[in-house]
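The next block holds one structure in the form of structure tokens; read it before the comments.
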Amino acid sequence: MRRRPTQAEAQLWSRLRGRQLDGLKFRRQHIIAGYIADLYCPAIHLAVEVDGPHHQWQRQQDEFRTEVLAHCGVRVVRVCVDAVMNHLDDVIRYIRRVIAQDAAELKHWMSMF
């Protein structure tokens with residue numbers, strides 16, 4: 001998979017690699033708890049999964065995987081292939097919003113102590 005990513009994964013990777021997204025380093029095909037995340041940012045514990053059509057038949061497995069990763073402290077963001085292929089800028093904005101929301105929640109919780 002690493003040598004032959006899907007076209008959507010390759011497109012998204014082209015926008016996340018080299019710290020292009022707010023200086024954050026992403027990795028491709030990163031193993032976490034025995035699962036391979038399509039893209040992963042270790043600094044903020046964020047996995048980005050590019051879901052193709054086959055994911056509609058494996059929802060239970062995807063939900064279980066997301067729960068396992070959550071127990072490891074990893075937030076999973078799922079984006080569909082069509083969105084990546086046809087609206088990549090919107091996908092990048094969505095990922096940025098998730099990152100900003102996570103930062104705001106963390107700041108809120110830290111202010112309580």
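The values are calculated or read from the model by the stated rules, or taken from the named source; none is laboratory data. These figures come from a predicted structure and were not determined experimentally. All Cβ positions, even for glycine, are placed from backbone atoms using ideal geometry, and neighbour counts span all protein chains on display. Calculation scope for accessible area: heavy atoms of the full protein, side chains included, ligands and nucleic acids excluded. Shrake-Rupley method; radii C 1.70, N 1.55, O 1.52, S 1.80 Å.
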query: Are any residues in the stretch 1-36 open to solvent by 60 Å² or more (accessible area, probe 1.4 Å), under 22 Å from residue 72 (Cβ atoms) and not in a loop (DSSP other than H, G, I, E, B), and if so, which ones?
result: 27, 31, 35, 36
message: For the stretch 67-109, give me the residue count where each residue is of a type in the set (Lys, Arg) and assigned to a strand (DSSP E or B).
response: 2
message: Please verify whether residue 99 is closer than 20 Å to residue 7 by Cα, surrounded by 15 or more Cβ atoms within 10 Å (Cβ to Cβ) and of a type outside the set (Asp, Glu), treating the condition exactly as stated.
response: no
- request: Those residues that are over 16 Å from residue 21 (Cα atoms) and touching a residue at least 24 places away in the same chain (Cβ under 8 Å), I need them from the stretch 80-102; list them, please.
  value: 80, 81, 85
